[in-house]
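The values are calculated or read from the model by the stated rules, or taken from the named source; none is laboratory data. All values derive from a computational prediction rather than experimental measurement. Glycine gets a Cβ as well: all are built from the backbone with ideal geometry, and neighbour counts include every protein chain shown. We work out accessible area using only protein heavy atoms, side chains counted, and drop any ligands, DNA or RNA first. Shrake-Rupley method; radii C 1.70, N 1.55, O 1.52, S 1.80 Å.
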Amino acid sequence: MEKAKVYFTREISPENVVRMYEMLGVKLPGKVAVKVHSGEEGNQNYLHPEFMRPMVEEVDGTIVECNTAYDGARDTAEKLMAAHGWTDYFDVDIMDADGPDLVFPIENGRVLSETLVGGHLANYSSMLVLSHFKGHPMGGYGGALKQLSIGCASNEGKVNIHTGGATRKQGEFWDKHAEQDDFLEAMAEAAETVVNHFGSN
């Protein structure tokens, strides 16, 4: 199996993000979803729209996000995306703003048998994931895998992942949280379904 290629730049700039994308030699076809993390309310540690603007424009993308399964500003992500400036520059689609969810079966899953993602995911032919490193008490360092799993999951889908398939009820989110190993595997299983959905795109 060929080893993955990793591209690195010492100069962190919007232009170099585009340059690294071009080095991949990939052109994303059709309508492109650009998955970002909205950032928590009052937190500055997220990708900022001004910085990512050249990359999003390069793929003519639509910014996508989903609501959280816990109370707070991100459980109505549309308002937070506006507060953090994303709607000033781009079309923003909260993929689970209205139902129904898409249900992706998980074959041979150890933890999950299916995952639920925001229904608007079906409107896109391609997805570009823009990640920043974020510490998480259960998930370790989040990045693309977390964006593809929990980030694309609907409200019920997030509860499903966090509880290792024990429930989809938001009120049981904390009471039935899975053990760490099961949670990590549930994230990986859920992420795989989104990768399989888009294939080489």
Take the residue pairs 134/158; 3/158; 3/146; 3/35; 146/169; 79/158 and return only those whose Cα atoms are more than 29 Å apart.
3/158
Each label sits 7 Å from Cα toward the beta-carbon; between residue 174 and residue 24 the label points are separated, in nm, by 3.7 nm
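Using only the Cα atoms of the range 146-201, construct the convex hull and provide its projected area averaged over every direction, in square nanometres to one decimal. Can you show the working numbers first?
Numbers: hull surface 14.2 nm².
Result: a mean projected hull area of 3.6 nm².
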With the range 58-139 reduced to its Cα atoms and the Debye formula applied, log10 I(q)/I(0) at q = 0.12, 0.21 1/Å amounts to -0.45, -1.24
I'd like the FRET efficiency for residue 2 and residue 60, computed as 1/(1 + (r/R0)^6) with the beta carbon distance as r and R0 of 35 Å, rounded to 0.05.
0.70
Pairs of Cα atoms farther than 15 Å apart, the range 106-164, %:
57 percent
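Evaluate the chain: find the radius of gyration of its Cα atoms, find its Kirkwood radius, and give the ratio Rg to Rh.
Details: Rg = 16.4 Å, Rh = 17.3 Å.
Using only Cα positions, Rg/Rh for the chain is 0.95.
Rolling a 1.4 angstrom probe over the protein heavy atoms, how many square angstrom per residue are accessible across the range 1-151?
Values: 8460 Å² over 151 residues.
I get 56 Å² per residue for this part.
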Carbon and sulfur together cover what percent of the accessible area of the range 137-201 at a 1.4 Å probe radius?
50 percent
So what's the net charge close to residue 14: Lys and Arg +1, Asp and Glu -1, counting the other residues with Cβ under 11 Å from its Cβ?
-3
Using a 1.4 Å probe on the protein chains only, how many percent of the accessible area of the range 1-40 belongs to carbon and sulfur?
57 percent
